[in-house]
Amino acid sequence: MTNVDPPESVPEGQETKYRGLYGKCVEHKLEEFPEQSKSEDLREEINVQRQHRKLISYSIFPFVQERPAGYKFFTAEPLEELDVPNFDFLLWNLDGKVIFGEAKSSVPASADTVVNQLEERKEVAEDHKEHIEEEYLGSEIDHMEFVVSTYVNHGDKIAKAIIEEGAEFIT
């Protein structure tokens, strides 16, 4: 027997029959469900997210503890409230200079897709400059820089793609 409430359209007295038929449909689907592959996919995604969070932590840690070059960590995922593509973190130096940073713990075979994604996020950040000034900083932005942070084994690949695309990102 299945523990599901039948819809209102099921005639009174037919609820048990509905639950039995529904249970047979669900049982058939559960038998065919690829649990092993779904479990492996989920574990892989958890690992990718763990590596990404670790890289973000490596990237912002110095700016939380001290102020290298006068910059401090300001926020993670700026512009998240607007539900637009955004960077992973924002650094600010109190003199009107900001750094938007994106962490890439893995890079696809074609690093061009990463560069295209970064270009899109850069455009969004530039389009929402006034929002950042008003809602985050409380002062004007004089200069914006964009940084991509990655593990050393991906650095050359991303840097090469950035150069080939003529993009302006610091790795």
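A few notes on this one:
- Kirkwood estimate for the range 1-130, i.e. one over the average of 1/r between Cα atoms, Å: 19.3 Å
- Most simply put, the range 35-165 has about 50% antiparallel DSSP beta bridges, counting only bridges with both residues inside it.
- Charge dipole of the chain about the Cα centre (unit charges at C-beta), most positive-ward option of 9, 108, 91: 108
- Accessible surface of residue 171 - all protein chains present, 1.4 Å probe, nearest 10 Å²: 90 Å²
- Based on DSSP H segments of at least four residues, each scored -39500 (n - 2.57), the chain has a per-residue ellipticity at 222 nm of -16000 deg cm²/dmol.
- For the chain, built as a Gaussian network whose Cα springs stay under 10 Å, the top-fluctuating residue of 115, 124, 26: 26
- Summed over the residues of the range 35-165 and divided among them, the accessible surface reaches 60 Å² per residue at a probe radius of 1.4 Å.
- The share of accessible area on the chain that comes from carbon and sulfur is 48 percent, using a 1.4 angstrom probe.
- Per-bin percent of Cα-Cα distances, the range 1-53 [10 Å]: 22, 27, 20, 19, 11, 1
- Summarised in one figure, the compactness ratio Rg/Rh of the range 58-171, Cα atoms and Kirkwood Rh, is 0.96.
The values are calculated or read from the model by the stated rules, or taken from the named source; none is laboratory data. Small disclaimer: the values here were computed from a predicted structure and weren't measured. Quick reminder, even Gly has a Cβ in these numbers, built from the backbone with ideal geometry, and neighbours come from all protein chains shown. Just so you know, the surface numbers come from the protein's heavy atoms only, side chains and all, with ligands and any DNA or RNA stripped out. Shrake-Rupley method; radii C 1.70, N 1.55, O 1.52, S 1.80 Å.
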